[in-house]
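Visitor: Please read through the structure below; I'll follow up with questions.
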Amino acid sequence: MTTVDRGLDHAHDGAHDHGHHDVPYLTPKGGPIATVWDWMTTVDHKKIGVMYLFAVLFMFFIGGVLALALRIELLEPTRVVDGELQGAAFAMLAGGEAAGVASVGSVYNRIMTLHGAVMVFMFIVPGIPASLGNFFLPLQLGAKDVAFPKLNLTSWYVYLFGSLFGVSSMLMTGVDTGWTFYTPYSTTTDGQAQIVLMILAVFILGFSSIFTGLNFIVTTHKLRAPGLGWFDLPLFIWAIYATSIIQVLATPVIGVTFLLLLFERLFQIGIFDPGLGGDPVLFQHFFWFYSHPVVYVMILPAMGIISEVLAVFSRKKLFGYRAIAFSSLAIAGVSFLVWGHHMFTSQGELAAMIFSFLTFLVAIPTAVKVFNWIATLYKGSISFQTPMMYALAFLFLFSIGGLTGLPLGALSTDLHLHDSYFVVAHFHYVMFGGTVIAFLSGIHYWWPKMFGRMYDERWSHVGFWLVFVGFNLTFFTQFFLGTQGMPRRYVSYIDEFTLLHQISTYGSWILGLGFIVHLFVLLHSLVAGPKAPQNPWGALTMEWETDPIPVEHNFRHEPVATHGPYDFEDVVPPGCTEEQFPLPPKEEVRTAH
Amino acid sequence: MSTVTLAGINDLLIRLFFRDNASSEVASGLAGSDGLYLFIWWVGVFFFVLLMGLMFWFCWKYRRRPGVAPERSSSHNTALEITWSVVPTLILVVIFFWGFDGYLRSQMPAGHAEQIDTTALMWNWEMTYDNGGFSAETVTMGNKDAPVFYVPAGQPVQLRMSSKDVIHSFWVPDFRTKLDVMPNRYTPYQFTTEPLASGDPRVKTMDITKGELVLKDAQYRDHWIFCAEYCGDSHSEMVGVLRVVEPSVFKTWKETPAYGVIDPPDEVGEIVYKAKGCAVCHSVDGSNNTGPTWLNAYGKPVRFADGTELSQADLDADPFAWDNYIRESIILPHVKIHEGYANAMASYDGRLSDVEMRGLIAYIRSLSDTKPDTDEIPLYDFLNEQTEGEEVGGDTAEETADEPAPAAEGEG
Amino acid sequence: MATIDSGPGQLPAEDKRPRWERYVHGHHWRNADDEFDAAKIGIWLFLATEILLFSGLFCAYAVFRMLYPEAIAAGSGYLDWRFGAINTVVLLLSSWTIAMAIRCVQLDQQKWATIHLTITWLCAAAFLAIKFAFEYAPKWAEGKRPGNLFSYPYAAETHEPIWWSIYYMATGVHATHVLIGMGLIAYLIVRQRRGYYGPKHYTMMEGVGLYWHIVDLVWIFLFPLLYLVH
Ligand code: HEA
Ligand code: HEA
Ligand code: CUA
Ligand SMILES: [Cu+2]
């Protein structure tokens, strides 16, 4: 892709243009107050993306601290929080216990619920799309902004507002329903105010999700640079596009579900209440109709990042571009049909059979992607900077996570594994080993473009290994706990499980240490990292054509696509030399994709 | 030769995954579940090793060397792509049918099953046998007493499960299946227990006692019961033990009542306390829990959440005031909420016999250092006769105890 | 949607053309057509979310109609189909008038556009008035309330409270949409009076119009499902 000045610089820009879009977007606007105000009212997708990035990472941090608290409690088979406090999170929630609201067991249950709810609703669902997607989708399309910039800002404030509800619920001792809010427990357990707040939080966050998704779909349709056809799009865009479809179509259902739940909670309208003739299983159907597709909202953007990083760091055209693109759409489509696999133990045989079958169907496009990724490495020129390390780790961990989805999808084995630690291990392998790992890959990959600085490769490798080893210690053990019979959401357990639980807890400490290393590496980069070149990894997608720190309106001139996103064999990357990224000899004829 | 090795490995794996199974012979009865699990495991291992092997190999072979360009290669290969779509599909179809088949088998009702009514409530399991009997036995697990339920060996058993409150889930990991227990309908959990094989390390011997019954050196095998659907504070303590015994032992056991009617009431109360789930929320050692402790509670003034109270004056005026408070709290637990506690208890209306109710009152009373002057009250003379062996006539006491209603009215 | 009306920019004060003629598309668009198309895609997507929102309620309805057909039939019997029918007509009329308003704006018949918009707004108000005055209020007073709030002494079926829950939830969510629609239409009237919309620029009108049709459509489903059960 080259930037060509096609004289498209619009005449109407002149009216309110003071040349500010040639300034890097991070340049402060006057004094500190003016700058803060500028960020708060910005419609620039890049700033919104950055604000989202810090917000979701903050939520990840909170969720992570809660997780470490869970793991500490699980060091011992019996409850250890009898009055004595274990860390900050327990202290916070135990305040409620002193007030007589929560009894001993419910402290753990609250932390468990908040961990799940924060991680899912406030971290991982908005996660990649709203932060990296917001920043890079328009850049990769060669656009000046998303289609509806004000809606984008609205989405950010709605997210803040929703999270505020969630956090205030937490500060009021939180909820103990599990992140799944199953009725009739969630409508009868005590803590009216907190539960209502949490329900509202999820309801409100849904709007944020819908706004973002809608914005991205329209942007992809209408704001592609000249010459950028659908099959010239980077796969990250395809992934975000498929994600957005799910967000737009599934989120309204959780909206209406939580509306019903809210009224059930406030006025006992009885729709989910067996006492009044309602049907608690109906709630489960509604809940999973959203929450299954949402697991693909979590993983598809991650897969998009992996596609980018694998191609760039092995300097190869992605193997089977179209297969990967279409499999994203296939996953998005089929994901709406499999929700019942979370409820094999509470539904009839026919439904169970259908859902089990469809579950296997959705695994196929995912398998296709994995094969394509591995094939991409073939005959490449592979380098191992942090983004690539994480991409490879993704292939490793996500394969485990995905393959352990199979015994959960099969009926007879799920009857045993359902609601056991096997499920816990499965979803951490896909959500953490998949999404979080890919997120880390993406953060490091795009860090230079976002902040104009490089990070320390050595130390971030240290962080990588700590995270990788810690993660496996924490969660691989849990597969065995699950098969041996450890149910999930248990604050105490029988003695036989102690050893595996302890290994898991020690692992979580290594994991936490890894994150602290990463945190310091990135903070250090922000203040003292060397200035980043325009295109440090030699990538070919459009975001690398702008300045090291993109200017306000992204590009100095409207870019035009002149080559595919992965034509590493034919094109010298913008801002790079052929010494850095040598091309293979020209004579061979390539088959077009 | 190679199959022997495979069987050996499988055996090892089964032990690793499911630990309780002594051998793969045992697991063969669970082909629908463990067998499939192993199959999926091998499929997973195959693809994982294949893919990761390729990944590491490519990473090594094609690692970047400065100044060296990547080789040209096709980014598309129809034959390859079709292969890696179709092969997994076929494997997945096999897994699906295998799983579905095993599932149907596990759902199939077996004929002539021992029927047991199973009730789940926050946070305990209760089982009532077809003759109305129940188990009063518990084992200590951590800081709670888990109920023990008896079932016959080598026979089909069917549980008719229902819940008193929220959704629970009945899971015996050793049986590889679980089923949700719903508040608005019965769900069937069925299994056929393995016979008590002599070589099985899980089979042990003990003296089984129940009421007046003592069975010396009876063989048994225990299985854990867990509640697998999150149900609140003590979800993790909603555990039990399923004890498999010889059918003949089971028959005798079932037909013996859990306690004799002439047992001292506070001992009956203690049994009920453990067997009917009181112990989940109420401690008897003064420690705090979901509900108020029973230690030194009886006979003391109580303040309620709505600001009312059971005052010393009330207690002085009515010797049965505390008894009535207990009775009401068992039958209509939401009416008087102890200050500082949540309205968390489910009603026990209809689930305790008169004997059990009286027993509980006596038991709570026995735990207290404050008791009304017993000499003046015939009812307690009766109780004391049983507990302390005092020589006081008991016939008038029976009448009084059977009619608590007038006292309740008096308290009005 | 945020950009639909986004800033006309600072314009020379002497420019006396109506605002719609002076409209300049958002700076990140190549041209006004792209911007308009984008807004339309956006609105259609939004409408899809609306449909899914209501389909949740329709699902709940279907489930309970299957579980307790008698209760649903009995509950429906309490509703007066005439109010439902009047409201259907009122909404259909309003759908027509808003379509006309858009057409008038496209033809620059501003006065007629205002009239049509005003009728639309009045229809919406009439719908809500009928709903509250003749349906919600008397029923609520008689104790025909949802779930646990139910206190109607002459209930024929045990599960009537559930029926009322569904009735109030479905019509309540719909009524909320009507209310939001009224706000949007009022906003349109103000802006249209100020000359924001004309043949070259009417995105917002088009968007609200589509929204209003959906609100109408949902009612057309709700009416037979709630009022005409036997
Ligand atoms: C990122 C999120 C994510 C992703 C991507 C997935 C992916 C999958 N999940 Fe998972 N799942 C969750 C998040 C996710 N899941 C969560 C959060 C829960 C629990 C919720 C709760 O109860 O709290 C859950 C629970 C869950 C259950 C319910 C378990 C229970 O409660 O009883 C089931 C059952 O079918 C299931 C199945 C699957 C399957 C088949 C896939 C497939 O899509 C996986 C496909 C991937 C592969 C197959 C691996 C890669 C391919 C290869 C290595 C090639 C070779 C492959 C073959 C030969 C097939 N998941
Ligand atoms: C995105 C999703 C996500 C993530 C990432 C995690 C991360 C972790 N989870 Fe997860 N977990 C869930 C989602 C997630 N979890 C869900 C949905 C449930 C189910 C809840 C329910 O049952 O209702 C659950 C339940 C759950 C349980 C089961 C509880 C039970 O059933 O009783 C356990 C137990 O070990 C656990 C542990 C952990 C641990 C140790 C981590 C660790 O990996 C955390 C490590 C992270 C940190 C220590 C934070 C450090 C961060 C920084 C220092 C910030 C800097 C960051 C950068 C620079 C990038 N979790
Ligand atoms: Cu009962 Cu969990
Ligand atoms: Cu799922």
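Visitor: Using only Cα atoms, tell me the angle between helix A:457-484 and the longest principal axis of chain A; keep it within 0 to 90° and round to the nearest 10.
Guide: The angle comes out near 30 degrees.
Visitor: Then there's this: Semi-axes of the equivalent ellipsoid for the range C:28-73, please: Cα gyration tensor eigenvalues, times 5, square-rooted, ordered largest first, whole Å. Let's see the in-between values first.
Guide: Numbers: eigenvalues 350, 8, 4 Å².
The three semi-axes for the range C:28-73 are 42, 6, 4 Å.
Visitor: Could you size up the charge dipole of the protein assembly as shown around its Cα centre, putting +1 on the beta carbon of Lys and Arg and -1 on that of Asp and Glu, and report it in debye to the nearest 20?
Guide: Values: 77 positive and 116 negative charges, 1432 e Å.
That gives a dipole near 6880 debye.
Visitor: Measuring from centroid to centroid over Cα atoms, what is the spacing of the range B:94-120 and the range A:552-583 in Å?
Guide: The two parts, judged by their Cα centres, are 61 Å apart.
Visitor: Please give the direction-averaged projected area of the C-alpha convex hull for the range C:141-197, in square nanometres with one decimal.
Guide: On the way: hull surface 20.4 nm².
Its Cα hull, projected and averaged over all orientations, spans 5.1 nm².
Visitor: Using only the Cα atoms of the range B:38-151, construct the convex hull and provide its projected area averaged over every direction, in square nanometres to one decimal.
Guide: That works out to 15.5 nm², a quarter of the Cα hull's surface.
Visitor: So for the range B:279-352, what are the equivalent ellipsoid semi-axes in whole Å, largest first, each being the square root of 5 times an eigenvalue of the Cα gyration tensor?
Guide: Calculated on Cα positions only, the semi-axes equal 19, 15, 13 Å.
Visitor: Let me ask another. Taking 8 Å as the Cα distance limit and 6 or more residues as the minimum spacing, I'd like the relative contact order of the range A:101-211 as a percentage.
Guide: 41
Visitor: Counting other C-beta atoms within 10 Å, and keeping those with at most 13, which DSSP coil GluC sites (Glu not before Pro) do you find in the range B:100-160?
Guide: none
Visitor: Report the B-A buried area as the accessible area lost on both sides summed, probe 1.4 Å, in Å² to the nearest 100.
Guide: In total, chains B and A hide about 8300 Å² from solvent.
Visitor: Using the beta-carbon distance between residue C:85 and residue B:200 and R0 = 51 Å, what value does 1/(1 + (r/R0)^6) give for FRET efficiency, to the nearest 0.05?
Guide: Using R0 = 51 Å, I get an efficiency of 0.10.
Visitor: For residue B:304, tell me the accessible area in Å² from a 1.4 Å probe, rounded to the nearest 10.
Guide: For residue B:304, solvent-accessible area is about 10 Å².
Visitor: Hey, how many Å between the Cα centroid of the range B:151-196 and the Cα centroid of the range A:340-394?
Guide: Computed from Cα coordinates, the inter-centre distance equals 34 Å.
Visitor: Out of the range C:173-228, which trypsin sites (Lys or Arg not before Pro) are coil in DSSP terms and have no more than 16 other C-beta atoms within 10 Å?
Guide: Details: sites: C:191, C:193, C:194, C:200; in loops: C:194, C:200.
Passing sites in the range C:173-228 are C:194, C:200.
Visitor: Could you run the Karplus curve 6.51 cos²θ - 1.76 cosθ + 1.60 with θ = phi - 60° over the range C:71-79 and give me ³J(HN,Hα) per residue in whole Hz, x for Gly and Pro?
Guide: 5, 5, 5, 4, x, 4, x, 6, 7
Visitor: How large is Rg/Rh for the range A:321-470, to two decimals, with Cα atoms and a Kirkwood Rh?
Guide: 1.05
Visitor: Treating the Cα atoms of the range B:243-307 as identical point scatterers in vacuum, please give the log10 of the normalised Debye intensity I(q)/I(0) at q = 0.22, 0.28, 0.29 Å⁻¹, two decimals.
Guide: Listed by q, the Debye log ratios stand at -1.02, -1.19, -1.21.
Visitor: log₁₀ I(q)/I(0) of the range A:421-541 at q = 0.09, 0.14, 0.23 Å⁻¹, via Debye over equal Cα point scatterers, no solvent, to two decimals?
Guide: Taken in order of the listed q values, log10 I(q)/I(0) reads -0.34, -0.67, -1.23.
Visitor: Could you rank the peptides A:71-78, A:166-173 by their average count of other C-beta atoms within 10 Å per residue, with the highest value first?
Guide: Ranking the peptides A:71-78, A:166-173 by packing returns A:166-173, A:71-78.
Visitor: Given the range A:180-279 reduced to its alpha-carbon atoms as identical point scatterers, what log10 I(q)/I(0) does the Debye formula return at q = 0.12, 0.13 Å⁻¹?
Guide: For the requested q values the scattering log ratios are -0.54, -0.59.
Visitor: Okay, moving on. In sequence order, what are the phi-derived ³J(HN,Hα) couplings for the range A:578-585 according to the Karplus relation 6.51 cos²θ - 1.76 cosθ + 1.60 with θ = phi - 60°, rounded to whole Hz, with x for glycine and proline?
Guide: Coupling constants for the range A:578-585: 6, 5, 5, 10, x, 9, x, x Hz.
Visitor: Continuing with this model, one more query. Between residue B:82 and residue C:229, what FRET efficiency comes out of the Förster formula 1/(1 + (r/R0)^6) with R0 = 41 Å and r the beta carbon distance, rounded to 0.05?
Guide: The calculated FRET efficiency here is 0.20.
Visitor: Let me ask you something else. Taking each residue in B:338-347, count the Cβ atoms of any other chain within 10 Å of its Cβ, then average. What number comes out?
Guide: On the way: counts 0, 1, 3, 3, 8, 2, 5, 0, 0, 0.
Per residue, the average neighbour count from other chains is 2.
Visitor: Now for a different question. To the nearest hundred square angstrom, how large is the accessible surface buried between A and C, total for both chains, probe 1.4 angstrom?
Guide: Result for this pair: about 3700 Å² buried.
Visitor: Moving on. Would you mind telling me the share, in percent, of accessible area of the protein assembly as shown contributed by carbon and sulfur at probe 1.4 angstrom?
Guide: Here it works out to 65 percent.
Visitor: At 222 nm, what helix-only mean residue ellipticity would the protein assembly as shown give, in deg cm²/dmol to the nearest 500, using -39500 (n - 2.57) for each DSSP H run of four or more?
Guide: -18500 deg cm²/dmol
Visitor: Karplus couplings for the range A:42-54 from phi (6.51 cos²θ - 1.76 cosθ + 1.60, θ = phi - 60°), rounded to Hz, Gly and Pro as x?
Guide: Result, ordered by residue: 5, 10, 6, 4, 5, 5, 4, x, 5, 4, 4, 4, 5 Hz.
Visitor: Can you give me the distance in nm between label points at residue C:92 and residue B:255, each placed 7 Å from the Cα along the Cα-to-Cβ direction?
Guide: 7.7
Visitor: Same structure again: Determine the alpha carbon to alpha carbon distance for each of A:29/A:150; A:222/A:379; B:251/B:336; B:144/B:216; A:150/C:139 and list only those over 31 Å.
Guide: The pairs that break the limit, which is 31 Å between Cα atoms, are A:222/A:379; B:251/B:336; A:150/C:139.
Visitor: With a bin width of 10 angstrom, please list the P(r) values of the protein assembly as shown as percents of all Cα-Cα pairs, from the 0 bin to the one holding the largest distance.
Guide: The percentages, shortest bin first, are 2, 8, 15, 19, 19, 15, 11, 6, 3, 1, 0, 0.
Visitor: In the range B:209-233, what residues drop by 20 Å² or more of accessible area when the other protein chains are put back, versus the chain on its own? Use 1.4 Å, and skip ligands and nucleic acids.
Guide: Listed in order, they are B:224, B:226, B:228, B:229, B:230, B:233.
Visitor: Would you kindly calculate the translational diffusion coefficient of the range B:204-321, applying Stokes-Einstein with the Kirkwood radius from alpha carbon pairs, for 37 °C and a viscosity of 0.692 mPa s, and quote it in µm² s⁻¹ without decimals?
Guide: For these conditions, the coefficient is 183 µm²/s.
Visitor: Something else now. Please compute the Cα-Cα pair-distance distribution of chain C with 10 Å bins starting at 0, giving whole percents from short to long.
Guide: All Cα pairs, binned at 10 Å, distribute as 7, 29, 28, 17, 12, 6, 1, 0 percent.
Visitor: Sort A:194-203, C:149-158, A:324-333, B:179-188 for me by packing, meaning the mean count of neighbouring Cβ atoms within 10 Å per residue, highest on top.
Guide: Ranked by mean Cβ neighbours within 10 Å, highest first: A:194-203, A:324-333, B:179-188, C:149-158.
Visitor: At a 1.4 Å probe radius, which order do B:336, C:111, B:61 fall into by accessible area, largest first? Write out the running numbers ahead of the final one.
Guide: Details: B:336 60, C:111 145, B:61 95 Å².
The residues order as C:111, B:61, B:336, largest area first.
Visitor: While we're looking at this one, here's another question. Along Cα→Cβ, 7 Å out, is where each label goes; now give me the distance between the ones at residue B:130 and residue A:29 in nm to one decimal.
Guide: 8.0
Visitor: Could the peptides A:479-489, A:363-373 be put in order, highest first, of the mean number of other beta-carbon atoms found within 10 Å of their residues?
Guide: In descending order of packing, they fall as A:479-489, A:363-373.
Visitor: How much of residue B:34 can a 1.4 Å solvent probe reach, expressed as accessible area in Å² and rounded to 10?
Guide: Only protein atoms counted, so the area is about 0 Å².
Visitor: Can you pull the accessible area of residue B:309 for me, 1.4 Å probe, Å² to the nearest 10?
Guide: 90
Visitor: Here's something else I'd like to know. So who's got an amide H within less than 5 Å of the one on residue A:382, skipping anything under 5 residues away but keeping other chains? H placed 1.01 Å off N, in plane.
Guide: B:63, B:64
Visitor: Let me know the mean shielding of C:34-46 by other chains, meaning the per-residue number of their Cβ atoms within 10 Å of its Cβ.
Guide: Taking all residues of C:34-46 together, the mean is 5.
Visitor: Beyond 34 Å, what share of the Cα-Cα pairs of chain A remains, rounded to the nearest whole percent?
Guide: 41
Visitor: Also: Whole number in Å², please: accessible area per residue of the protein assembly as shown, 1.4 Å probe, ligands, DNA and RNA not counted.
Guide: The answer is 37 Å² per residue.
Visitor: Rg (Å, one decimal) plus Dmax (Å, integer) for the alpha carbons of the range C:71-133?
Guide: That works out to 15.6, 53 Å for Rg and Dmax.
The values are calculated or read from the model by the stated rules, or taken from the named source; none is laboratory data. Predicted model, so just to flag it, every value in this text is computed and none were measured. Every residue, glycine as well, gets a Cβ built from its backbone with ideal geometry; the counts of neighbours run over all protein chains shown. SASA here: full protein model, heavy atoms, side chains in, ligands and nucleic acids out. Shrake-Rupley method; radii C 1.70, N 1.55, O 1.52, S 1.80 Å.
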